[in-house]
1. Picking from ALA143, ALA311, ALA358, which is most flexible by a Gaussian network model of the chain using Cα springs under 10 Å?
2. Solvent-accessible area per residue for segment 285-366 at a 1.4 Å probe radius, Å²?
3. Take the eigenvalues of the Cα gyration tensor for segment 265-422, scale each by 5, and report the square roots as semi-axes in whole Å, largest first.
4. Regarding segment 1-132, what are the three Cα extents along the principal axes, ordered largest first, in Å?
5. Roughly to the nearest percent, how much of the accessible area of the chain is carbon and sulfur, given a 1.4 Å probe?
6. Taking the alpha carbon gyration tensor of segment 232-279, what are the square roots of 5 times its eigenvalues, largest first, to the nearest whole Å?
7. What share of the DSSP beta bridges in segment 265-422 is antiparallel, in percent to the nearest 5?
8. Would you mind giving the average projected area, over all directions, of the Cα convex hull of segment 308-366 in nm² with one decimal?
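The values are calculated or read from the model by the stated rules, or taken from the named source; none is laboratory data. Bear in mind the structure is a predicted one, so any value in this text is a computation, not a measurement. We place every Cβ from the backbone using ideal geometry, glycine too, and count neighbours over all the protein chains shown. These area figures cover heavy atoms from the full protein model, side chains too; ligands, DNA and RNA do not enter into them. Shrake-Rupley method; radii C 1.70, N 1.55, O 1.52, S 1.80 Å.
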Amino acid sequence: MSNTILIGAQWGDEGKGKIIDVLTERVDWVVRPQGGNNAGHTVEIGEERFVLHLVPSGILTPGKRCVIGNGVVLDPVALVEEIKGVTGRGLSVEGRLFISDRAHVVFPYHRMLDAQGEARRAKGDQIGTTMRGIGPAYGDKAARFGLRMCDLVDPEFPALLRARVEEKNRILAAMGAPVVVYDEILAATQKAMEVLRPLVCDTVSLLHAAVGRGESLLFEGAQGIMLDIDFGTYPYVTSSNASSGGASTGSGVPPSRIDHVVGVLKAYTTRVGEGPFPTELLDATGEELRRVGREFGATTGRPRRCGWFDAVVARHAVMTCGVDEWALTKLDVFDGFETLKICVAYDLDGRRIEHFPANIREAARCKPVYEDMPGWRSSTRDILRYGDLPAAAKRYIARLEQVTGVPVGILSLGPRRESTLVLGEKDA
Ligand code: GDP
Ligand code: IMO
Ligand code: MG
(Lines give C-alpha, C1' and ligand atoms only; values in the text may rest on other atoms or scores of the structure.)
(Ligands and ions follow the chains in the order given, each with its own letter.)
Protein backbone atom coordinates (compact mmCIF):
# COMPACT_ATOMS: atom_id res chain seq x y z
CA MET A 1 0.00 0.00 0.00
CA SER A 2 1.27 3.46 -0.76
CA ASN A 3 -1.25 6.19 -0.15
CA THR A 4 0.22 9.59 0.57
CA ILE A 5 -1.13 12.81 2.02
CA LEU A 6 0.47 16.07 0.97
CA ILE A 7 -0.20 19.03 3.25
CA GLY A 8 0.89 22.65 3.43
CA ALA A 9 3.05 23.10 6.52
CA GLN A 10 2.73 26.90 6.86
CA TRP A 11 0.01 29.42 5.89
CA GLY A 12 -0.68 28.03 2.40
CA ASP A 13 1.03 28.73 -0.95
CA GLU A 14 4.02 26.56 -0.04
CA GLY A 15 4.19 25.18 -3.60
CA LYS A 16 1.82 22.23 -3.09
CA GLY A 17 0.60 22.31 -6.71
CA LYS A 18 4.11 21.98 -8.03
CA ILE A 19 5.00 19.09 -5.72
CA ILE A 20 1.70 17.30 -6.46
CA ASP A 21 2.58 17.56 -10.14
CA VAL A 22 5.98 15.97 -9.49
CA LEU A 23 4.53 13.17 -7.34
CA THR A 24 1.55 12.42 -9.60
CA GLU A 25 3.76 10.29 -11.85
CA ARG A 26 4.07 7.72 -9.03
CA VAL A 27 0.34 7.33 -8.24
CA ASP A 28 -2.96 6.34 -9.86
CA TRP A 29 -5.30 8.88 -8.25
CA VAL A 30 -5.08 12.46 -6.97
CA VAL A 31 -7.76 13.40 -4.43
CA ARG A 32 -8.70 16.88 -3.16
CA PRO A 33 -10.18 16.34 0.31
CA GLN A 34 -10.99 19.86 1.56
CA GLY A 35 -11.13 23.57 0.83
CA GLY A 36 -12.72 25.12 -2.22
CA ASN A 37 -11.76 27.67 -4.84
CA ASN A 38 -10.05 29.71 -2.14
CA ALA A 39 -7.05 27.53 -3.09
CA GLY A 40 -4.76 28.47 -5.97
CA HIS A 41 -2.25 25.78 -6.93
CA THR A 42 0.28 26.73 -9.59
CA VAL A 43 1.95 24.22 -11.88
CA GLU A 44 4.48 25.18 -14.53
CA ILE A 45 5.17 22.71 -17.29
CA GLY A 46 7.59 23.89 -19.95
CA GLU A 47 6.38 27.32 -21.03
CA GLU A 48 2.85 26.69 -19.75
CA ARG A 49 1.51 27.89 -16.43
CA PHE A 50 -1.68 26.47 -14.89
CA VAL A 51 -3.43 27.75 -11.75
CA LEU A 52 -5.91 25.23 -10.38
CA HIS A 53 -8.51 26.06 -7.73
CA LEU A 54 -10.91 23.12 -7.45
CA VAL A 55 -9.63 20.60 -9.98
CA PRO A 56 -6.84 18.42 -8.52
CA SER A 57 -3.42 19.21 -9.99
CA GLY A 58 -3.13 15.57 -11.11
CA ILE A 59 -5.38 16.44 -14.08
CA LEU A 60 -2.28 17.83 -15.82
CA THR A 61 -0.76 14.35 -16.09
CA PRO A 62 -2.55 12.38 -18.82
CA GLY A 63 -3.98 9.06 -17.69
CA LYS A 64 -4.22 9.93 -13.99
CA ARG A 65 -7.62 10.05 -12.35
CA CYS A 66 -8.77 12.80 -10.00
CA VAL A 67 -11.40 13.10 -7.29
CA ILE A 68 -13.00 16.16 -5.70
CA GLY A 69 -13.86 14.65 -2.35
CA ASN A 70 -16.81 15.05 0.01
CA GLY A 71 -14.87 17.47 2.23
CA VAL A 72 -14.58 20.08 -0.53
CA VAL A 73 -17.06 22.96 -0.86
CA LEU A 74 -17.70 23.43 -4.51
CA ASP A 75 -18.95 26.39 -6.53
CA PRO A 76 -20.48 24.68 -9.60
CA VAL A 77 -20.25 27.73 -11.86
CA ALA A 78 -16.59 28.31 -10.97
CA LEU A 79 -15.82 24.62 -11.46
CA VAL A 80 -17.30 24.60 -14.96
CA GLU A 81 -15.17 27.64 -15.86
CA GLU A 82 -12.10 25.85 -14.56
CA ILE A 83 -12.90 22.64 -16.44
CA LYS A 84 -13.32 24.69 -19.62
CA GLY A 85 -9.93 26.24 -19.00
CA VAL A 86 -8.34 22.82 -18.64
CA THR A 87 -10.05 21.21 -21.64
CA GLY A 88 -9.38 24.35 -23.69
CA ARG A 89 -5.68 23.61 -23.24
CA GLY A 90 -6.01 20.15 -24.70
CA LEU A 91 -6.45 18.08 -21.53
CA SER A 92 -9.39 15.74 -21.15
CA VAL A 93 -11.43 15.29 -17.98
CA GLU A 94 -13.60 12.55 -19.38
CA GLY A 95 -13.37 9.42 -17.27
CA ARG A 96 -10.66 11.19 -15.28
CA LEU A 97 -12.48 13.63 -13.01
CA PHE A 98 -15.00 12.48 -10.42
CA ILE A 99 -16.96 14.68 -8.01
CA SER A 100 -18.30 13.42 -4.71
CA ASP A 101 -22.08 13.34 -4.42
CA ARG A 102 -21.53 14.34 -0.78
CA ALA A 103 -19.53 17.53 -1.52
CA HIS A 104 -21.29 20.68 -0.33
CA VAL A 105 -22.20 23.43 -2.77
CA VAL A 106 -21.21 27.10 -2.64
CA PHE A 107 -23.98 29.41 -3.88
CA PRO A 108 -23.91 33.16 -4.63
CA TYR A 109 -25.54 33.88 -1.25
CA HIS A 110 -22.52 32.32 0.45
CA ARG A 111 -20.27 34.75 -1.38
CA MET A 112 -22.55 37.67 -0.45
CA LEU A 113 -22.53 36.59 3.18
CA ASP A 114 -18.74 36.21 3.10
CA ALA A 115 -18.44 39.83 1.91
CA GLN A 116 -21.01 41.06 4.43
CA GLY A 117 -19.30 39.18 7.24
CA GLU A 118 -16.00 40.90 6.47
CA ALA A 119 -17.60 44.34 5.99
CA ARG A 120 -19.50 44.13 9.29
CA ARG A 121 -16.50 43.19 11.42
CA ALA A 122 -14.91 46.01 13.35
CA LYS A 123 -11.95 47.64 11.60
CA GLY A 124 -8.88 45.52 12.23
CA ASP A 125 -10.97 42.40 12.93
CA GLN A 126 -11.37 41.35 9.29
CA ILE A 127 -10.00 37.92 8.38
CA GLY A 128 -9.03 38.89 4.86
CA THR A 129 -10.88 35.97 3.25
CA THR A 130 -10.68 35.15 -0.43
CA MET A 131 -14.39 36.17 -0.70
CA ARG A 132 -15.24 32.85 -2.34
CA GLY A 133 -18.04 32.05 0.16
CA ILE A 134 -16.01 29.35 1.85
CA GLY A 135 -16.80 30.16 5.51
CA PRO A 136 -20.58 30.53 4.98
CA ALA A 137 -20.72 27.30 2.93
CA TYR A 138 -18.90 25.29 5.62
CA GLY A 139 -21.09 27.11 8.15
CA ASP A 140 -24.22 25.76 6.43
CA LYS A 141 -22.67 22.31 6.35
CA ALA A 142 -22.13 22.37 10.13
CA ALA A 143 -25.56 23.94 10.68
CA ARG A 144 -27.13 21.16 8.56
CA PHE A 145 -28.60 23.66 6.12
CA GLY A 146 -26.27 23.04 3.17
CA LEU A 147 -27.03 21.46 -0.17
CA ARG A 148 -24.80 18.77 -1.59
CA MET A 149 -24.02 17.64 -5.12
CA CYS A 150 -26.50 14.76 -4.70
CA ASP A 151 -29.22 17.37 -4.08
CA LEU A 152 -28.35 19.18 -7.30
CA VAL A 153 -29.04 16.07 -9.38
CA ASP A 154 -32.33 15.38 -7.52
CA PRO A 155 -35.72 16.40 -8.98
CA GLU A 156 -36.46 18.16 -5.67
CA PHE A 157 -33.56 20.59 -6.19
CA PRO A 158 -35.64 23.66 -7.18
CA ALA A 159 -37.71 23.42 -3.99
CA LEU A 160 -34.66 22.76 -1.81
CA LEU A 161 -32.92 25.80 -3.29
CA ARG A 162 -35.99 28.02 -2.93
CA ALA A 163 -36.15 27.36 0.82
CA ARG A 164 -32.44 28.29 1.19
CA VAL A 165 -32.72 31.43 -0.91
CA GLU A 166 -35.75 32.65 1.09
CA GLU A 167 -33.94 32.15 4.38
CA LYS A 168 -30.68 33.74 3.20
CA ASN A 169 -32.55 36.69 1.71
CA ARG A 170 -34.21 37.32 5.09
CA ILE A 171 -30.72 37.49 6.62
CA LEU A 172 -29.27 39.66 3.83
CA ALA A 173 -32.25 42.05 3.98
CA ALA A 174 -31.89 42.38 7.76
CA MET A 175 -28.26 43.34 7.18
CA GLY A 176 -29.35 45.97 4.68
CA ALA A 177 -27.47 44.07 1.95
CA PRO A 178 -28.69 43.36 -1.60
CA VAL A 179 -30.67 40.11 -1.83
CA VAL A 180 -30.09 37.31 -4.34
CA VAL A 181 -32.48 36.26 -7.11
CA TYR A 182 -33.75 32.68 -6.94
CA ASP A 183 -34.46 32.29 -10.69
CA GLU A 184 -30.96 33.43 -11.60
CA ILE A 185 -29.28 31.04 -9.17
CA LEU A 186 -31.46 28.15 -10.31
CA ALA A 187 -30.75 28.82 -13.98
CA ALA A 188 -26.98 29.22 -13.50
CA THR A 189 -26.77 26.08 -11.36
CA GLN A 190 -28.80 23.99 -13.78
CA LYS A 191 -26.63 25.19 -16.66
CA ALA A 192 -23.47 24.24 -14.75
CA MET A 193 -24.96 20.86 -13.92
CA GLU A 194 -25.28 20.05 -17.61
CA VAL A 195 -21.49 19.78 -17.54
CA LEU A 196 -21.06 18.40 -14.02
CA ARG A 197 -23.87 15.86 -13.79
CA PRO A 198 -21.93 13.03 -15.53
CA LEU A 199 -19.00 13.56 -13.16
CA VAL A 200 -20.96 13.28 -9.89
CA CYS A 201 -20.78 9.87 -8.25
CA ASP A 202 -20.19 7.98 -5.04
CA THR A 203 -16.46 8.69 -4.78
CA VAL A 204 -16.22 6.88 -1.44
CA SER A 205 -17.05 3.56 -3.14
CA LEU A 206 -14.90 4.50 -6.12
CA LEU A 207 -11.82 5.07 -3.95
CA HIS A 208 -12.58 2.04 -1.79
CA ALA A 209 -12.56 -0.14 -4.92
CA ALA A 210 -9.36 1.51 -6.18
CA VAL A 211 -7.58 0.82 -2.89
CA GLY A 212 -8.90 -2.76 -3.02
CA ARG A 213 -7.24 -3.20 -6.44
CA GLY A 214 -3.96 -1.99 -4.98
CA GLU A 215 -4.01 1.37 -6.77
CA SER A 216 -2.31 4.28 -5.05
CA LEU A 217 -3.74 7.60 -3.95
CA LEU A 218 -2.20 11.01 -3.44
CA PHE A 219 -4.19 13.49 -1.36
CA GLU A 220 -3.77 17.10 -2.41
CA GLY A 221 -4.22 19.22 0.69
CA ALA A 222 -5.25 22.83 0.25
CA GLN A 223 -4.24 25.78 2.48
CA GLY A 224 -1.80 24.92 5.29
CA ILE A 225 -1.67 23.83 8.90
CA MET A 226 -1.72 27.40 10.26
CA LEU A 227 -4.99 27.99 8.37
CA ASP A 228 -6.55 24.79 9.77
CA ILE A 229 -9.80 25.47 11.62
CA ASP A 230 -8.62 23.50 14.69
CA PHE A 231 -4.84 23.92 14.70
CA GLY A 232 -4.35 27.25 12.97
CA THR A 233 -4.38 30.84 14.21
CA TYR A 234 -8.12 30.82 14.92
CA PRO A 235 -10.15 32.86 13.98
CA TYR A 236 -7.68 33.92 11.25
CA VAL A 237 -8.05 30.58 9.49
CA THR A 238 -10.08 28.94 6.77
CA SER A 239 -13.12 26.81 7.64
CA SER A 240 -11.82 23.28 7.02
CA ASN A 241 -9.17 20.88 8.31
CA ALA A 242 -6.07 21.49 6.20
CA SER A 243 -4.17 19.09 8.48
CA SER A 244 -3.60 15.46 7.46
CA GLY A 245 -6.71 14.33 9.35
CA GLY A 246 -8.80 16.24 6.82
CA ALA A 247 -7.65 13.87 4.07
CA SER A 248 -9.51 11.00 5.65
CA THR A 249 -12.72 12.77 6.65
CA GLY A 250 -12.71 14.64 3.36
CA SER A 251 -12.51 11.54 1.17
CA GLY A 252 -13.93 8.60 3.10
CA VAL A 253 -10.59 6.77 2.89
CA PRO A 254 -9.90 5.56 6.43
CA PRO A 255 -6.65 6.54 8.24
CA SER A 256 -5.59 2.88 8.33
CA ARG A 257 -5.33 2.98 4.52
CA ILE A 258 -2.95 5.95 4.45
CA ASP A 259 0.70 5.43 5.16
CA HIS A 260 2.78 8.50 4.33
CA VAL A 261 2.64 12.25 4.88
CA VAL A 262 4.64 14.78 2.87
CA GLY A 263 4.74 18.29 4.32
CA VAL A 264 5.38 21.09 1.83
CA LEU A 265 7.54 23.77 3.36
CA LYS A 266 8.71 27.01 1.84
CA ALA A 267 12.32 27.90 2.69
CA TYR A 268 10.88 31.10 4.22
CA THR A 269 7.34 31.95 5.36
CA THR A 270 4.42 33.75 3.71
CA ARG A 271 0.86 34.55 4.67
CA VAL A 272 -2.08 36.17 2.80
CA GLY A 273 -4.81 37.84 4.81
CA GLU A 274 -4.80 38.94 8.44
CA GLY A 275 -3.65 37.28 11.65
CA PRO A 276 -0.51 36.73 13.70
CA PHE A 277 2.74 35.97 11.88
CA PRO A 278 5.70 36.03 14.30
CA THR A 279 8.55 36.07 11.74
CA GLU A 280 6.95 38.65 9.43
CA LEU A 281 9.40 41.18 7.98
CA LEU A 282 7.96 44.63 7.46
CA ASP A 283 11.25 45.95 6.10
CA ALA A 284 13.33 45.88 2.92
CA THR A 285 14.20 42.20 3.44
CA GLY A 286 10.49 41.28 3.44
CA GLU A 287 10.08 43.37 0.32
CA GLU A 288 13.01 41.55 -1.30
CA LEU A 289 11.52 38.12 -0.51
CA ARG A 290 8.20 39.23 -2.06
CA ARG A 291 9.94 40.53 -5.17
CA VAL A 292 12.32 37.63 -5.77
CA GLY A 293 9.79 34.96 -4.69
CA ARG A 294 6.98 36.63 -6.71
CA GLU A 295 4.79 36.43 -3.66
CA PHE A 296 1.41 37.53 -4.96
CA GLY A 297 -1.72 35.40 -4.39
CA ALA A 298 -2.55 32.85 -7.11
CA THR A 299 -6.28 33.28 -6.39
CA THR A 300 -6.73 36.93 -5.42
CA GLY A 301 -3.49 38.54 -6.60
CA ARG A 302 -2.98 40.09 -3.14
CA PRO A 303 0.64 40.68 -2.06
CA ARG A 304 1.71 37.98 0.39
CA ARG A 305 3.24 38.97 3.71
CA CYS A 306 6.78 37.56 3.91
CA GLY A 307 9.14 36.54 6.70
CA TRP A 308 11.96 34.20 7.75
CA PHE A 309 11.60 30.46 8.19
CA ASP A 310 9.77 29.54 11.38
CA ALA A 311 10.65 26.16 12.91
CA VAL A 312 7.97 26.55 15.60
CA VAL A 313 5.35 26.52 12.83
CA ALA A 314 7.04 23.58 11.07
CA ARG A 315 7.14 21.56 14.31
CA HIS A 316 3.45 22.34 14.82
CA ALA A 317 2.82 20.74 11.41
CA VAL A 318 4.95 17.73 12.33
CA MET A 319 3.00 17.21 15.57
CA THR A 320 -0.49 17.64 14.15
CA CYS A 321 0.02 16.03 10.74
CA GLY A 322 2.65 13.33 11.34
CA VAL A 323 4.95 14.64 8.61
CA ASP A 324 7.37 11.91 7.41
CA GLU A 325 9.36 14.04 4.98
CA TRP A 326 9.56 17.61 3.79
CA ALA A 327 9.26 18.84 0.26
CA LEU A 328 11.29 22.03 0.65
CA THR A 329 10.43 24.66 -1.95
CA LYS A 330 11.78 28.01 -3.13
CA LEU A 331 15.27 27.60 -1.71
CA ASP A 332 16.45 29.34 -4.91
CA VAL A 333 14.77 32.56 -3.74
CA PHE A 334 17.63 32.91 -1.22
CA ASP A 335 20.31 32.82 -3.95
CA GLY A 336 21.15 36.52 -3.61
CA PHE A 337 20.89 36.79 0.18
CA GLU A 338 23.97 37.47 2.33
CA THR A 339 22.58 36.19 5.63
CA LEU A 340 19.54 34.08 6.44
CA LYS A 341 17.68 33.63 9.68
CA ILE A 342 15.86 30.64 11.15
CA CYS A 343 13.41 31.14 13.99
CA VAL A 344 13.93 28.26 16.45
CA ALA A 345 11.67 29.38 19.32
CA TYR A 346 9.68 32.39 20.52
CA ASP A 347 10.09 34.83 23.34
CA LEU A 348 6.68 35.36 24.93
CA ASP A 349 6.67 38.06 27.60
CA GLY A 350 10.27 37.22 28.52
CA ARG A 351 9.75 33.44 28.53
CA ARG A 352 11.18 31.10 25.85
CA ILE A 353 8.52 28.89 24.30
CA GLU A 354 8.94 26.13 21.74
CA HIS A 355 5.29 25.64 20.73
CA PHE A 356 2.75 27.78 18.92
CA PRO A 357 0.25 29.20 21.45
CA ALA A 358 -3.51 28.67 20.98
CA ASN A 359 -4.28 32.22 22.09
CA ILE A 360 -3.79 34.61 19.15
CA ARG A 361 -3.19 37.58 21.43
CA GLU A 362 -0.22 35.65 22.83
CA ALA A 363 0.82 34.60 19.30
CA ALA A 364 0.82 38.29 18.31
CA ARG A 365 3.21 39.05 21.21
CA CYS A 366 5.65 36.25 20.29
CA LYS A 367 9.08 37.55 19.30
CA PRO A 368 11.17 35.17 17.18
CA VAL A 369 14.39 33.76 18.62
CA TYR A 370 16.66 33.68 15.58
CA GLU A 371 19.78 31.84 14.53
CA ASP A 372 21.82 33.38 11.74
CA MET A 373 22.90 31.24 8.80
CA PRO A 374 25.27 32.33 6.02
CA GLY A 375 23.77 32.66 2.52
CA TRP A 376 25.52 31.30 -0.60
CA ARG A 377 25.28 34.14 -3.12
CA SER A 378 25.20 31.93 -6.21
CA SER A 379 22.50 30.49 -8.42
CA THR A 380 20.97 27.13 -7.47
CA ARG A 381 18.43 27.27 -10.29
CA ASP A 382 19.96 24.71 -12.68
CA ILE A 383 21.40 22.35 -10.10
CA LEU A 384 20.39 18.75 -10.75
CA ARG A 385 22.30 16.92 -7.98
CA TYR A 386 22.28 17.50 -4.26
CA GLY A 387 26.07 17.22 -4.24
CA ASP A 388 26.32 20.28 -6.50
CA LEU A 389 24.55 22.60 -4.06
CA PRO A 390 26.69 25.32 -2.43
CA ALA A 391 27.95 24.21 1.01
CA ALA A 392 25.98 26.97 2.74
CA ALA A 393 22.74 25.75 1.12
CA LYS A 394 23.43 22.23 2.38
CA ARG A 395 24.06 23.63 5.87
CA TYR A 396 20.76 25.54 5.75
CA ILE A 397 18.89 22.34 4.80
CA ALA A 398 20.69 20.31 7.47
CA ARG A 399 19.87 22.87 10.17
CA LEU A 400 16.25 22.95 9.07
CA GLU A 401 16.10 19.15 9.36
CA GLN A 402 17.66 19.35 12.84
CA VAL A 403 15.30 21.96 14.23
CA THR A 404 12.20 20.25 12.80
CA GLY A 405 13.27 16.62 13.34
CA VAL A 406 12.13 15.62 9.82
CA PRO A 407 14.29 14.95 6.73
CA VAL A 408 14.01 16.85 3.45
CA GLY A 409 13.08 14.24 0.82
CA ILE A 410 12.27 16.57 -2.06
CA LEU A 411 13.99 19.84 -2.87
CA SER A 412 12.50 22.38 -5.24
CA LEU A 413 14.75 25.00 -6.84
CA GLY A 414 12.34 26.62 -9.28
CA PRO A 415 8.69 26.61 -10.36
CA ARG A 416 9.09 24.02 -13.11
CA ARG A 417 8.89 20.24 -12.90
CA GLU A 418 12.54 19.90 -13.95
CA SER A 419 13.79 22.06 -11.07
CA THR A 420 13.18 19.35 -8.50
CA LEU A 421 15.60 17.05 -6.71
CA VAL A 422 14.27 13.86 -5.18
CA LEU A 423 16.81 13.15 -2.50
CA GLY A 424 17.87 9.75 -1.30
CA GLU A 425 20.86 9.61 1.01
CA LYS A 426 22.38 13.07 1.11
CA ASP A 427 25.86 11.61 0.94
CA ALA A 428 27.71 14.31 -0.98
P1 GDP B 1 0.27 26.28 -3.51
O2 GDP B 1 -1.00 27.01 -3.18
O3 GDP B 1 0.88 25.66 -2.30
O4 GDP B 1 0.12 25.30 -4.64
O5 GDP B 1 1.30 27.39 -4.00
P6 GDP B 1 1.02 28.62 -5.03
O7 GDP B 1 0.91 28.07 -6.39
O8 GDP B 1 -0.09 29.45 -4.52
O9 GDP B 1 2.32 29.48 -4.82
C10 GDP B 1 3.59 28.94 -5.03
C11 GDP B 1 4.32 29.78 -6.11
O12 GDP B 1 5.70 29.47 -6.10
C13 GDP B 1 3.85 29.48 -7.51
O14 GDP B 1 3.94 30.65 -8.28
C15 GDP B 1 4.86 28.45 -8.01
O16 GDP B 1 5.01 28.45 -9.42
C17 GDP B 1 6.11 28.92 -7.34
N18 GDP B 1 7.09 27.87 -6.99
C19 GDP B 1 6.87 26.60 -6.55
N20 GDP B 1 8.02 26.01 -6.21
C21 GDP B 1 9.01 26.90 -6.46
C22 GDP B 1 10.43 26.89 -6.27
O23 GDP B 1 11.03 25.92 -5.81
N24 GDP B 1 11.10 28.03 -6.59
C25 GDP B 1 10.47 29.14 -7.08
N26 GDP B 1 11.21 30.20 -7.36
N27 GDP B 1 9.13 29.18 -7.26
C28 GDP B 1 8.41 28.09 -6.93
P1 IMO C 1 -3.67 27.38 -1.10
O2 IMO C 1 -4.32 26.02 -1.23
C3 IMO C 1 -3.14 31.00 1.23
C4 IMO C 1 -6.53 32.37 3.61
C5 IMO C 1 -7.16 33.68 3.21
C6 IMO C 1 -7.63 34.17 4.56
C7 IMO C 1 -8.07 32.89 5.25
C8 IMO C 1 -9.57 32.63 5.18
O9 IMO C 1 -3.46 28.06 -2.40
O10 IMO C 1 -2.45 27.30 -0.24
P11 IMO C 1 -11.19 31.83 3.23
O12 IMO C 1 -11.47 32.43 1.89
O13 IMO C 1 -10.67 30.42 3.16
O14 IMO C 1 -12.33 31.95 4.19
O15 IMO C 1 -10.02 32.77 3.85
O16 IMO C 1 -7.37 31.83 4.62
N17 IMO C 1 -6.44 31.35 2.54
C18 IMO C 1 -5.31 31.03 1.90
N19 IMO C 1 -4.08 31.57 2.00
N20 IMO C 1 -3.35 29.94 0.42
C21 IMO C 1 -4.58 29.38 0.32
O22 IMO C 1 -4.80 28.25 -0.37
C23 IMO C 1 -5.63 29.95 1.06
N24 IMO C 1 -6.95 29.67 1.20
C25 IMO C 1 -7.43 30.52 2.11
O26 IMO C 1 -6.23 34.55 2.62
O27 IMO C 1 -6.54 34.68 5.28
MG1 MG D 1 -1.87 28.89 -3.43
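1. Among ALA143, ALA311, ALA358, the largest mean-square fluctuation in the Gaussian network model of the chain belongs to ALA143.
2. 42 Å²
3. Equivalent ellipsoid of segment 265-422: 25, 18, 15 Å, largest first.
4. 48, 35, 29
5. In the chain, the share of accessible area belonging to carbon and sulfur is 51 percent.
6. One finds semi-axes of 26, 15, 7 Å for segment 232-279.
7. 75 percent
8. The Cα convex hull of segment 308-366, projected and averaged over all directions, gives 5.2 nm².
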